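The values are calculated or read from the model by the stated rules, or taken from the named source; none is laboratory data. As the structure is a computational prediction, the values presented were derived from the model and not from experiment. Ideal geometry is used to build each Cβ from the backbone, glycine not excepted, and the neighbour counts take in all protein chains shown. SASA here: full protein model, heavy atoms, side chains in, ligands and nucleic acids out. Shrake-Rupley method; radii C 1.70, N 1.55, O 1.52, S 1.80 Å.
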Amino acid sequence: MEHKSIAFSVQDLTVSYGEQTALKNINFQVEKGKLVGVIGPNGAGKSTLMKASLGLISKDHGTIEFYGKPVKQMRENIAYIPQRNNIDWDFPINVLDTVVLGTYPKLGVFHRPKKADRKRAQACLAQVGLQKFSKRQIGELSGGQQQRVFLARALAQQTEIFFFDEPFVGIDASSEETIIHILKKLRDEGKTVIVIHHDLSKAQEYFDDLVLINQDLIEAGPAASVLTPEALGKAYKSQLPFLQSEEADES
Amino acid sequence: MSIMEFISEIIDYGFVQKALFTSVMVGIICGIVGCFIVLRGLALMGDAISHAVLPGVAISFLLDINFFYGAVAAGILTALGIGYVNQNSRIKSDSSIGIVFTAFLALGVLLIRYAHSGVNLDSILFGSLTSVQTSDMWMTLIVGAIVLLVVVLFYKELLISTFDPTMAAAYGLPTKLIHYMLMILLTLVTVASMQTVGVVLVVALLITPASTAYLLTNRLWVMLILSAAFGVISSLAGLYFSFAYDLDSGAVIVLTSFLLFAFIFFFSPKQGVLWRAIRSKRKRNAAS
């Protein structure tokens, strides 16, 4: 049997904000070359899971490994695209220069991006279909185009693992199609892609595996086996009081 | 005194030259550091640190060391103190800034009186270009060289940690360290500007030229150059009016940079209020 390598593993992860527990004893593994969705209701701790995995916020306990190594040794191999609302869209930077930022991690201190780096950025921009917009200020683009610019930047990072926080929120259908197409292509090239997602209707169509959380890990595994009524009920029940009242009516 | 007479005075008199070098350097470094302050939304922080160097100056005098060291120490302590109050309580960031820096400023006022230092409080607070000493000039030039060197060497890191601190942290940049490095630069710039604009008004030379440049361009390096240029123009105006008409250099510098800002604010081709109004009126007319 072929030995499957584990790209990303979370063991016993607990994170709290002050008194409040955001994530409790989360355990799951992601195989190399999978496109994985992290789903769960609002406030389930999806972004927290991502940030804690990347060492951007401190955890109470738990072990995070990328190919068996701690995140500190693997940063150059991970691209992270945070939510769009964390960006200052008035910043004096144009589209191409934003993508060029993706070449920074591998350059190291004191080195400037060279012609080859700019060429690579241009190629990444072409992949997301925005080469015509390279001189525009980033705030002049639509939400979907902005998200594609940040995907292009992540592509320019040339990493093995991609983390994407809610890429499909507030964007047009064609941008969503372009993005999911590129994510699937990355997966086919053997990269590992982890995406926070909230739209359950497309979860099975988009992702190989799913991780369903609501502070606890509810279920993790192949998409079809996670999207069961029982698991979803368990994850979403406490967030949707009308579900409970309906059940009460039935009984 | 006409401008020609003034130029011949610069050539003839050493003390005017010193003031010239000092003010040009101050214009450049305030303009450049100011860009990062403006883009990071730290204008209030700039105001706070510039005021808070005062007790450092007084304590240096009491300890008989160069006031530069005390001022830098006080500036850093303020930055750390503000961060500490902000992170360890529910106090919002603007309030923590206000609480910490006013305390430092008040302490500075008392200490300077107590020290009987002969330090002229007025010239520290409001600047006095006409009394620039050789040592002041050298200190400003050295500080300027340090600031420019740091910005050139770490341009890439400053750009990304300003624009997208999350990505910067995710790929392993020490974003907190960069923040405090910038606070150190800010303190150095404030100390270097003390003779020229004074600590009360230096914040204007930090944020006004940078904001003016911000209205004109969509590229960071162009913004840095424009901002430095506006800073230099303002400083030169301050120099001329303080020698020719005995006006307060700090006040003239700030008003000049404000006039530049006001002009660009209304007439800048892209962001100018006037053209925007004309464009939207045309659109409305075309639509109707």
If you scan segment A:163-175, which residues turn out to be open to solvent by 10 Å² or more (accessible area, probe 1.4 Å) and either on the phi < 0 side of the Ramachandran plot or among the hydrophobic types (A, V, I, L, M, F, W, C) (or both)? A:Phe168, A:Val169, A:Ile171, A:Asp172, A:Ala173, A:Ser174
Please list, ordered by residue number, the helices (runs of 4 or more DSSP H) wholly in segment B:100-177 having 3 or more residues that are over 22 Å from the mean Cα position of the chain (by Cα). B:165-170
Given (1) surrounded by fewer than 23 Cβ atoms within 10 Å (Cβ to Cβ); (2) in contact with a helix residue (DSSP H, G or I) (Cβ under 9 Å, 6 or more places away or on another chain); (3) within 10 Å of chain B (Cβ to nearest Cβ), number of the condition A:Lys72 does not satisfy: (2)
Apart from one, (1) more than 30 Å from A:Leu49 (Cα to Cα); (2) buried (at least 22 other Cβ atoms within 10 Å of the Cβ); (3) free of Cβ contacts under 8 Å to residues at least 12 places away in the same chain all hold for B:Met194; the odd one out is (3)
Checked pairs for segment B:221-234, first open to solvent by 10 Å² or more (accessible area, probe 1.4 Å), second of a type outside the set (A, V, I, L, M) and not in a helix (DSSP H, G or I), C-beta under 7 Å and 6 or more apart or across chains, list as B:Leu226/B:Thr217
Search segment A:39-65 for residues that are closer than 16 Å to A:Gln20 by Cα and pair each with any residue that is of a type in the set (S, T, N, Q) when their beta-carbon atoms are under 6 Å apart and the residues are at least 6 apart or on different chains. A:Ala44/A:Asn214; A:Gly45/A:Gln215; A:Asp60/A:Thr14; A:Asp60/A:Ser16; A:His61/A:Thr14
Here the residues within segment B:49-71 that are more than 25 Å from B:Asp94 (Cβ to Cβ) and assigned to a helix (DSSP H, G or I) are B:Val57, B:Ala58, B:Ile59, B:Ser60, B:Phe61, B:Leu62, B:Leu63, B:Phe67, B:Phe68, B:Tyr69, B:Gly70
Take the residues of segment B:149-175 that are of a type in the set (Val, Ile, Thr) and in contact with a Pro (Cβ under 9 Å, 6 or more places away or on another chain): which is farthest from the other protein chains (Cβ to nearest Cβ)? B:Thr175
Filtering segment A:78-88 down to residues that are open to solvent by less than 50 Å² (accessible area, probe 1.4 Å) and not β-branched (Val, Ile, Thr) yields A:Ala79, A:Tyr80, A:Pro82
